[in-house]
Amino acid sequence: MLYFDHCASTPPYPEVIDTLAEVMKVHYANPSSIHRAGAEADKLIGRSRALLGELFAVKPEEWVFTSGGTESNNTAIKGIAKQYRTRGNHLITTQIEHASVYDTFRQLEREGFKVTYLPVSQTGHVDVEQLRQAMTDETILVSVMHVNNETGAVQPIEAIGRMLKSSYPRTIFHVDAVQSIGKLPVVLKNWGIDLLSGSAHKVRGPKGVGILYVREGIQLYPLLTGGAQERGFRAGTQNVPGIVASAKAFRLSIQSAQERKERMEKLRGQLVEIVNAIPELRMNGSEDPQEMAPHIVHFSYPGMKPEVIVHLLEEQQIIASTKSACSSKDSKPSRVLLAMGAALPQASGGIRISFGDEHTERDVETLGEALRQMVDKLKPLERGITTTHELR
């Protein structure tokens, strides 16, 4: 089986699995307990926090552990909105955010906040000048993802952060970096990032562990109360085995990020050539590889249901996806592609290929042959399905 769905989840490093099992076996005490066993478990969390601090060149205590990327995003966005509401009532995000960000802002709108959803270009990129024009004296939070989870479009995070810090220093900047950590450089201090979300199972760590960078001096209204864990921002007994194993996964992934980026850029270029050579398929995103993440290729078969394509590929032992795993069972057209100006048939037929450490050029050749066979099988049905879309 060729697994091309690493954006949804990744196979854990063998060392991470070993660490998870060892800590579960030995350090099972509650890290909040005052006895020796509890203190030893708490030390492991402290070491994990210190490791993250070293990897991202920030203070260890600026990291908060959560249950995953979704909780990190919710904690950051709702925590800021509720904590700093006396400063203003305006929030800014984009039309193409992950559901855990987009739906959170929708919820805050229902609670009375004013939210601006920035448009994107046809390649899926935010314009920094449009963001500047959307800013007001009431803007307390800007949240922009680093890498789009569907198309792989890389947003100008450094330019946004520097603009905000120079012109709007009181506005807090949150970045969802779930899809970029371990694939692209992420520079917290120099980019002016105040809050950053990450997820362990996207970097070959265990599921159920997220990280949230909270710059020193930032306060968050806690979503979970009942304990003083995680600086009081996130009550609840910490997942010690998951945290320790996740810290190791982040270390292994970040330390090999440059090599991974270079290797995946070659694989991505190879697959883009294959897709562009199949007339029925249409690439989504920028033609400039520097504007796209190295591990994601997103294309459409306009008018064809993506789940049909996924299942045909699966028959050939190839695993791909349609869009975010959190939204993959939703049959609606892609919100991201619609925001990019794609027509309904194209927005309804998107397929995402995402690479992992195990993939080779030969694997991409195998995928290319499977795509050609898939198109040959579906092409006789294409016109009828496209006509159905046009009649809706």
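Between 0 and 90 degrees, rounded to the nearest ten: what's the tilt of helix 257-276 against the longest Cα principal axis of the chain? Long axis of 257-276 versus the principal axis of the chain: about 20 degrees.
Backbone phi angles across region 40-55, fed through the Karplus curve with coefficients 6.51, -1.76 and 1.60 (θ = phi - 60°), yield HN-Hα couplings of 5, 5, 5, 4, 4, 5, x, 5, 5, 5, 5, 5, 4, x, 5, 5 Hz in residue order; Gly and Pro are listed as x. Axis of helix 69-83 versus longest Cα principal axis of the chain: the two differ by about 60°, to the nearest ten degrees.
Straight-distance candidates among the lysines for linking to Lys82, with alpha-carbon spacing under 20 Å and chain neighbours fewer than 8 residues away dropped: Lys114.
Across the accessible surface of region 14-255, with the other protein chains kept in place and a 1.4 Å probe, carbon and sulfur atoms take up 50 percent.
Candidates Gly124, Val147, Ser197 compared by Cα position along the dipole of region 14-255: farthest toward the positive end lies Ser197, with charges placed on Cβ. In the full protein context, the chain carries 43 Å² of accessible surface per residue, based on a 1.4 Å probe and ignoring ligands, DNA and RNA.
Solvent-free Debye calculation, one equal scatterer per alpha-carbon of the chain: log10 I(q)/I(0) at 0.07, 0.08, 0.12, 0.15 Å⁻¹ equals -0.33, -0.43, -0.94, -1.34. Within the chain, antiparallel bridges make up roughly 50 percent of the DSSP beta bridges whose residues both belong there. In order along region 117-133, the phi-based Karplus estimate (6.51 cos²θ - 1.76 cosθ + 1.60, θ = phi - 60°) of 3J(HN,Hα) comes to 9, 5, x, 10, 6, 5, 8, x, 10, 7, 9, 4, 5, 5, 5, 4, 5 Hz; Gly and Pro are listed as x. Highest mean packing first, where packing is the average number of other Cβ atoms within 10 Å per residue, the peptides 221-229, 267-275 line up as 267-275, 221-229. Kirkwood hydrodynamic radius of region 25-74, from the reciprocal of the average inverse Cα-Cα distance over all distinct pairs: 12.1 Å.
Projecting the Cα atoms of His174, Ile157, Thr19 onto the charge dipole of region 14-255, computed from C-beta unit charges around the Cα centre, puts Thr19 farthest toward the positive end.
Measuring with a 1.4 angstrom probe and ignoring ligands and nucleic acids, Ile172 comes out at about 10 Å² accessible. Close amide H contacts of Arg352 (hydrogens built in the peptide plane, cut-off under 5 Å, sequence separation of 5 or more or a different chain): Ser321, Thr322.
Close amide-amide hydrogen proximity is noted between Gly236 and Gly227, Gln229, each under 5 Å apart and 5 or more residues distant or on a separate chain (H modeled in the peptide plane; Pro and chain starts excluded). Accessible-area rank, largest first, for Tyr301, Tyr117, Tyr28: Tyr28, Tyr117, Tyr301, with all protein chains present and a 1.4 angstrom probe.
The values are calculated or read from the model by the stated rules, or taken from the named source; none is laboratory data. A quick note: this is a predicted structure, and the numbers were derived from the prediction, not measured. All Cβ positions, glycine included, derive from the backbone under ideal geometry; neighbour counts span all protein chains shown. Each accessible area value is taken on the protein alone, full model and side chains, heavy atoms only, with ligands, DNA and RNA left out. Shrake-Rupley method; radii C 1.70, N 1.55, O 1.52, S 1.80 Å.
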